[in-house]
Structure formats: structure tokens, C-alpha cells
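Chemist: Okay, here's the structure, questions in a sec.
The values are calculated or read from the model by the stated rules, or taken from the named source; none is laboratory data. Just so it is clear, the model here is predicted, and its values are computed rather than measured. Note that each Cβ is placed from the backbone with ideal geometry, even for glycine, and that neighbours are counted across all protein chains shown. Areas reflect the complete protein model, heavy atoms only, side chains present, ligands, DNA and RNA absent. Shrake-Rupley method; radii C 1.70, N 1.55, O 1.52, S 1.80 Å.
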Amino acid sequence: MTLRRNRLIHLTLSIAVAAWTADAIRVAAQQPRPADRAVMLLDGARVIVGDTTPPIDAGAMLVENGRIAAVGRSGSVKPPAGATRVDLAGKTIMPAMINAHVHIGYEGYTSWGASNYTPDNVLDHLEREAFYGVGATQSVGSSPTAAALQFEKDQRAGKFPLASRFYFMPGMAPPNGGPDAVLREATTALHVVNEVSTPDEARRSVRAMANARIRQVKIWVDDRRGTYPKMTPDVFTAIIDEAHRHGMIVNAHATTLADQKAVIRAGADVLVHVVQSEPIDDELLALVREHKPYWATVIGLGDRTEVCAPDPFFEESLPASVVAAIRATKEPRPLAPSCGPPSPNAARREQMLTNNFQKMIAAGMRLVLGTDAGIHAGHTFGTADHHELARWVELGLSPAEAIVAATSTPARLIGIADMGTLSAGKSADFIVLDANPLEDIRNTRKIVSVYLRGQRLDRAALRDRWRRR
Ligand SMILES: [Zn+2]
């Protein structure tokens, strides 16, 4: 990257940040923060803790000042005088989920692209994740850095209404490489991707991120079947080495068997995607056993959207016109939703996924929820999370394992100390369900209410707003 271009980007970002800050203040003025700080005993529900400890069948959870004060069997948790008791007999509570891989900000439902990228739209996407029980959401490689840092700061300062907590990481690719063609158009317009050609450039770029206290970085190591320039091993090795010197975590987009081996060997901490075009081999599995990377499978991206099913759960946050348009589309569209007959490759893909997923899990991959939501309307913010969980169970995971991969494991990966489990001291971020997801993972869709920091999310108001569009 030339100096001149750096300056231009800096100037563009400065203007963007000024606009963002003004917008943030406007949003805050419209929506005063709820002052709900009641002490609340949630009593009688089955409590799914979110780690490997067994569920508490008739449990109780005490919430004070937005935090979990105590969790135990019903009757064993003594509330202080004046606490509100909420009877949840027959219900299940589980931790709010954490989505470690989305592309936030560009989706407009009736339009898509860089012009939609505003703090209001980022907030809207985080509200959609929250509506569906996702308490933290990480945007991976596609968010403009200065604007994203500003949004994180503003949200932590309480300037926005209740929504999923925002996390992000910058992305790195060779010049003209990186995201898929649609996403690349938007990220190029906003100068998002850090383009590097040499190990030196790569190290400088990572050091700049470390100086901005950024903890994670995404790399694209993929030539998209020979249509893109590919990140070379000397460059990704330099990125990973420099990132690790600064305590940073590297997420690697790698879709082929050879690329997955190469990035794990180089020390990548998180693998994105499942190899779908060929069976994996013992060499990859040996590398997995040795390194045990985290893994965002984003399987749903290649699936038919459940809007076709039709499942009303998937329609709650979509304008009716978008639902109708998806259902009316019968021809297959790569990376875009359609409801035609299944692709002729579907059975082969499923067989490959089942084989490769099960072997990778058995070898010790540390699964984390990620959806790639945001690259088009079919795998919508929030709904895609529930789809991914159900897919893991179809591919052989137990519902309990799927829930751990959507809660405590991504909390550990992202470093969110106060989320991921329902235990004393954590933020009171949880979902109340009408049925037990340990019996049927699709019961995560039976949402009664969502609480973030001890406050109940007004899901009815959000639903009304989205349906009016
Ligand atoms: Zn992605």
C-alpha cells in the first residue's frame, strides 16, 4: 500500500468517524437507557449452564444489578427482601449465545451494499441477533476499523439501546483478494481490507492493529477456484507469527484440504469453513490433534434457507416482501437464497460434510458458533444461528455439545469474561425457552424472552418495527 493511499484512507476514515459519532449521539438521545435495576429471582426453570456441567432440573437464578448473583436448585437460592419472583416452572433458561462470525452492516433487506453501512444499521443487525437470543456478535474482516472501534466504544459507554454486544476484527488479504465477489464490492468501497503483498507489509499491518488494542485478525487464504490472487505461505506465516508476538488471535478462511493443513501448520488459531469438495485425510487430523484450533463451520451458508420451509420463526424479523421474493425464486443462486428444488450436488455435499465434520470434531476441533450472516438475506442475523445449531446436531453432535459451542466456547475464544455460562458473577444474559433444547435442539427456537444485562428485551416492539418496513 502506498503512502499516498494510506493518507487518503486516513482522511476518509476521519470523516466517517465524525459522522458516526454524531449519529451515535442522536441514537442515544432518542432512546434513554432503561433504569431497570431490580433484584429478580427466576424460579423453577431448568437451567442449562452452558459448559459441561449437567443442567439443574428445577433451578433458580438470582439477578442483581444486571449480574447473576447466584444459581442453584429451587429453594436453595435465598432472595433478599424486596426481590421480584418470576415463576418459570416448565421453562428452560440457557445463556445468551455468542456468534463469532458475521458480516455486519451491509444488509438492508431490500438493498445491499456499502451505502447501508451506518451505525444505525449496525445497531439494527445487533438488535436482530439479540431478538433471537444472541448476546454478543463478532464481525469478521469486513467492518471499517475506525468506525467499528468507535461503535464498540459508544456501545460500551451505554449510548445505544439494548442489543447484542459488538465485537469486530480487521481482515487481511493480497491486493484484489479476500472476500467473495459481493462482499468485496462493499468492503472495497469502504477500504476495509488490509491488502498486503510481502511479509514486511504484513508485519507492519499487524503491529498497527496491536497498537490499536485489536485482539484478533482475519486472513483470507483462498483463490476461489483460481479466480483470486492467493495469500502466499510466507505472508500468512508472517501474519500469524507477528500476531502471536502481540497476543493476537488469527482467524483463517481456508476451504480446501491443502489450505487448512497449511494454516494450521503455521499456527492459525481459528479455522473458518468445512472442507466440502474432498474427503479430509489423516495428515489434517494429526495436525488438528496437535493444535486443536477453534472452528467456525458456517455450514448454513451452503444450505437452503429455512424461509422456504416455511418456518414462521425465520419470518419474524423479515419484511413480508423479502420472504415472498425468496420463496418465489426457484433458480439456484450461489450464496443467495432461493427455494427451488435441491441442487443435484446436495446429497454429495451432505455425505462429505457428515464425514469431514465428525472426524474433525473427534480429532479435537473446538467448535464455535458462526454464521456468515450479512452477506445476503437468506441467512438472516439471528435465525442463521439457530439453523447452524440444528445442522451440527444433524451431523452428529449432541444438543448439549451444540449449546456449549454456542455459549462458553466462543466466550473463551473472544475473551468475553462475563458471558458464556449461567454462573455467579456473569452478566445476566440469557434466553427463556418454552421447551427443552437438550431433548430437541430445535427447541432453541421456542423463545419466550431474552434478557441482556438483566433487562428484558422488548421483542414485540422490535418485531413490529421490522414488519412495518
Ligand atoms: Zn465470513
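Chemist: May I ask you to list the residues in the stretch 437-466 that are assigned to a loop (DSSP other than H, G, I, E, B) and open to solvent by 20 Å² or more (accessible area, probe 1.4 Å)?
Modeler: Those that are assigned to a loop (DSSP other than H, G, I, E, B) and open to solvent by 20 Å² or more (accessible area, probe 1.4 Å): LEU438, GLU439, ASP440, LYS446, ARG453, ASP458.
Chemist: Go through the residues of the stretch 343-366 one by one and say whether even a single one is over 20 Å from THR256 (Cα atoms), open to solvent by 20 Å² or more (accessible area, probe 1.4 Å) and out of contact with any strand residue (DSSP E or B) (no Cβ under 6 Å at 6 or more places or on another chain). Walk me through how you get there before you give the answer.
Modeler: Kept after step one, since they are over 20 Å from THR256 (Cα atoms), are these residues of the stretch 343-366: 343-344.
Retained after the next criterion (residues that are open to solvent by 20 Å² or more (accessible area, probe 1.4 Å)): 343-344.
If we keep only those that are out of contact with any strand residue (DSSP E or B) (no Cβ under 6 Å at 6 or more places or on another chain) as well, we get 343-344.
Among the residues of the stretch 343-366, at least one is over 20 Å from THR256 (Cα atoms), open to solvent by 20 Å² or more (accessible area, probe 1.4 Å) and out of contact with any strand residue (DSSP E or B) (no Cβ under 6 Å at 6 or more places or on another chain), which makes the answer yes.
Chemist: Sticking with this one: Just checking, how many residues over the stretch 136-155 are in contact with a His (Cβ under 9 Å, 6 or more places away or on another chain), in a helix (DSSP H, G or I) and farther than 22 Å from SER115 by Cβ?
Modeler: The number of residues fulfilling the criteria is 0.
Chemist: Those residues that are open to solvent by less than 40 Å² (accessible area, probe 1.4 Å) and touching a His at 6+ places or on another chain (Cβ under 9 Å), I need them from the stretch 312-342; list them, please.
Modeler: Passing the criteria: PHE313, PHE314, ALA336, PRO337.
Chemist: Now for a different question. Could you tell me whether any residue of the stretch 400-412 is within 16 Å of the ligand (Cβ to nearest atom) and either assigned to a helix (DSSP H, G or I) or farther than 19 Å from TYR132 by Cα (or both)? Steps first, answer last, please.
Modeler: Going through the stretch 400-412, the residues within 16 Å of the ligand (Cβ to nearest atom) turn out to be 410.
Among the residues that remain, those that are also either assigned to a helix (DSSP H, G or I) or farther than 19 Å from TYR132 by Cα (or both) are: 410.
Within the stretch 400-412, one or more residues are within 16 Å of the ligand (Cβ to nearest atom) and either assigned to a helix (DSSP H, G or I) or farther than 19 Å from TYR132 by Cα (or both).
Chemist: Regarding the stretch 417-435, can at least one residue be identified that is touching a Phe, Trp or Tyr at 6+ places or on another chain (Cβ under 6 Å) and surrounded by fewer than 23 Cβ atoms within 10 Å (Cβ to Cβ)?
Modeler: no
Chemist: Test of understanding: among ARG184, ARG204, which residue is modelled with pLDDT of 95 or more and among the basic types (Lys, Arg)?
Modeler: None of the others qualify; the one that does is ARG204.
Chemist: Out of all the residues in the stretch 34-86, which are open to solvent by 40 Å² or more (accessible area, probe 1.4 Å), within 24 Å of GLY158 (Cβ to Cβ) and not in a loop (DSSP other than H, G, I, E, B)?
Modeler: GLU64, ARG67, ALA69, THR84 - these are the residues of the stretch 34-86 that are open to solvent by 40 Å² or more (accessible area, probe 1.4 Å), within 24 Å of GLY158 (Cβ to Cβ) and not in a loop (DSSP other than H, G, I, E, B).
Chemist: Listed residues LEU353, LEU335; which is at positive phi and either modelled with pLDDT of 90 or more or within 22 Å of the chain's Cα centre (by Cα) (or both)?
Modeler: Numbers: LEU353 fails: at positive phi.
Step by step, each of LEU353, LEU335 is checked, and only LEU335 is at positive phi and either modelled with pLDDT of 90 or more or within 22 Å of the chain's Cα centre (by Cα) (or both).
Chemist: If I ask for residues that are surrounded by 15 or more Cβ atoms within 10 Å (Cβ to Cβ) and either over 24 Å from TYR117 (Cβ atoms) or more than 16 Å from the ligand (Cβ to nearest atom) (or both), which ones from the stretch 208-217 would you list?
Modeler: MET209, ALA210, ILE214, ARG215
Chemist: For the stretch 325-336, indicate whether the set of residues that are within 16 Å of the ligand (Cβ to nearest atom), in a loop (DSSP other than H, G, I, E, B) and of a type in the set (A, V, I, L, M, F, W, C) is non-empty.
Modeler: Yes, the conditions are met somewhere in the stretch 325-336.
Chemist: Here's something else I'd like to know. Quick check on my filter: what residues within the stretch 156-180 are within 16 Å of the ligand (Cβ to nearest atom) and either basic (Lys, Arg) or open to solvent by 10 Å² or more (accessible area, probe 1.4 Å) (or both)?
Modeler: TYR167, PHE168, ASP180
Chemist: For TRP220, work out the one condition from (1) away from the ligand (no atom under 16 Å from the Cβ); (2) closer than 21 Å to THR371 by Cβ; (3) among the aromatic types (Phe, Trp, Tyr) it doesn't fulfil.
Modeler: (1)
Chemist: In this structure, is GLY396 surrounded by 24 or more Cβ atoms within 10 Å (Cβ to Cβ), of a type in the set (Gly, Ala, Ser) and more than 16 Å from the ligand (Cβ to nearest atom)?
Modeler: Here the answer is no, as GLY396 does not meet what is asked.
Chemist: Still on this model: Right, ALA18: in a helix (DSSP H, G or I), within 26 Å of ALA417 (Cβ to Cβ) and at pLDDT below 50 or not?
Modeler: Judged against the criteria, ALA18 is not a match.
Chemist: Being open to solvent by 10 Å² or more (accessible area, probe 1.4 Å), within 16 Å of the ligand (Cβ to nearest atom) and modelled with pLDDT under 95 is the filter here, so list the residues in the stretch 282-311 that pass it.
Modeler: Within the stretch 282-311, LEU301, GLY302, ASP303 qualify.
Chemist: Find all pairs meeting these conditions: Cβ atoms under 9 angstrom apart; at least six residues apart or on different chains; first residue within the stretch 272-290 and under 23 Å from ARG224 (Cα atoms); second residue open to solvent by 60 Å² or more (accessible area, probe 1.4 Å).
Modeler: PRO279/LYS359; ILE280/LYS359; LEU284/LYS359
Chemist: Determine whether the stretch 124-136 contains at least one residue that is open to solvent by 20 Å² or more (accessible area, probe 1.4 Å), free of Cβ contacts under 8 Å to residues at least 12 places away in the same chain and out of contact with any helix residue (DSSP H, G or I) (no Cβ under 8 Å at 6 or more places or on another chain).
Modeler: In the first step, residues of the stretch 124-136 are kept if they are open to solvent by 20 Å² or more (accessible area, probe 1.4 Å); the result is none.
No, every residue in the stretch 124-136 fails to be open to solvent by 20 Å² or more (accessible area, probe 1.4 Å), free of Cβ contacts under 8 Å to residues at least 12 places away in the same chain and out of contact with any helix residue (DSSP H, G or I) (no Cβ under 8 Å at 6 or more places or on another chain).
Chemist: May I pose another question? Does VAL404 meet the test of being open to solvent by less than 20 Å² (accessible area, probe 1.4 Å) and modelled with pLDDT of 95 or more? Please lay out each step first, then the result.
Modeler: On the way: open to solvent by less than 20 Å² (accessible area, probe 1.4 Å): no; modelled with pLDDT of 95 or more: yes.
Answer is no for this residue.
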